[in-house]
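The values are calculated or read from the model by the stated rules, or taken from the named source; none is laboratory data. Values in this document were obtained by computation on a predicted structure and should not be read as measured data. Here Cβ is always computed from backbone atoms with ideal geometry, including for glycine, and neighbour counts include all displayed protein chains. With ligands, DNA and RNA removed, areas are computed over all heavy atoms of the protein, side chains included. Shrake-Rupley method; radii C 1.70, N 1.55, O 1.52, S 1.80 Å.
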Amino acid sequence: MDGFRVVFDYVVERNGIENIFWIFYVMNFILCAIAYELGFARKLPPIKKVFVYILLLIGTYILTIFTTVMRMPTIESLIVIIFVLAVYRIRLHFQRKANNE
């Protein structure tokens, strides 16, 4: 499993281990927010959207524990998820565009 932790090894090499948890917390939150927006977001009122992002912040904390303490490749997994969702959204856009013509 050591070969799958490319991002973890790179960040530790560049920054050391002093603030590693918060670096990965921010990275996980940004990637989770992108994945949420690409795959699951709906038009919500502002209060509900704030509530969703607060819950996302809490979930990201737990996910960061998996990244740092258990050293699982969560960042890499989120990158793959974002890539797959982006390809899906692009294909869906072109399909809808073709159906409208």
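Taking the Cα centre of the chain as origin, work out the dipole magnitude from +1 charges on Lys and Arg Cβ and -1 charges on Asp and Glu Cβ, in debye rounded to 20.
660
May I ask you to derive the FRET efficiency for I62 and R89 from their Cβ-Cβ distance with R0 = 25 Å, giving the value to the nearest 0.05? Please list the in-between numbers first.
Working: r = 27 Å, r/R0 = 1.07.
Once rounded, the FRET efficiency stands at 0.40.
Suppose each label sits 7 Å from its Cα in the direction of the beta carbon; what would the E18-F51 distance come out to in nanometres?
Calculated label separation equals 4.1 nm.
Please report the equivalent ellipsoid semi-axes of the chain, computed as sqrt(5 x eigenvalue) of the Cα gyration tensor, largest first, in whole Å.
Details: eigenvalues 184, 71, 16 Å².
Equivalent ellipsoid of the chain: 30, 19, 9 Å, largest first.
If eta is 0.692 mPa s and T is 37 °C, what Stokes-Einstein diffusion coefficient results for the range 55-96, Kirkwood Rh from Cα pairs, in µm²/s? Walk me through the numbers before you get to the answer.
Working: Rh = 11.9 Å.
Roughly 277 µm²/s, to the nearest whole number.
Please identify the DSSP H helices in the chain that span no less than 30 Å along the helix axis (Cα) and have a mean Kyte-Doolittle hydropathy of 0.5 or more. Walk me through the numbers on the way to the answer.
Working: long enough: 46-68 (32 Å, 1.59); 74-100 (39 Å, 0.68).
Long hydrophobic helices here: 46-68, 74-100.
Which percent of the accessible area of the range 1-80 is formed by carbon and sulfur heavy atoms (probe 1.4 angstrom)? Don't jump to the answer; show the numbers that get you there.
Numbers: 4000 of 5620 Å².
Reported share for carbon and sulfur atoms: 71 percent.
Net charge within 13 Å of I82 by Cβ-Cβ distance, Lys/Arg positive one each and Asp/Glu negative one each, not counting I82 itself? The partial results should precede the final answer.
Values: positive: R89; negative: E37, E76.
Charge balance near I82 sits at -1.
Between Y88, Y61, Y36, find the one with the highest GNM mean-square fluctuation for the chain; connect C-alpha pairs within less than 10 Å.
Y88
Using DSSP loop states and a limit of at most 13 other Cβ atoms within 10 Å to flag trypsin sites (Lys or Arg not before Pro), what is the longest stretch of the chain containing no flagged site?
Numbers: sites that count: R42, K43.
Here the longest segment lacking exposed loop sites spans 44-101.
From the residues A41, I20, L55, which one has its Cα farthest along the dipole of the chain in the positive direction, the dipole being from +1 and -1 charges on Cβ of Lys/Arg and Asp/Glu about the Cα centre?
Selected residue: A41.
With the other protein chains left in place, how much accessible area per residue, in square angstrom, belongs to the range 59-101 at a 1.4 angstrom probe?
Accessible surface, normalised per residue, equals 76 Å².
When the helices in the chain are scored as -39500 (n - 2.57) per DSSP H run of 4 or longer and the sum is shared across all residues, what 222 nm value do you end up with, to the nearest 500 deg cm²/dmol? Provide the component values of the computation, followed by the final result.
Working: 4 runs with 80 residues, N = 101.
One gets -27500 deg cm²/dmol as the mean residue ellipticity at 222 nm.
What per residue convex hull volume, in Å³, do the alpha-carbon atoms of the range 25-81 yield? Please report the intermediate quantities before stating the final value.
Numbers: hull volume 3.6 nm³, N = 57.
In the range 25-81, the Cα convex hull volume per residue is 64 Å³.
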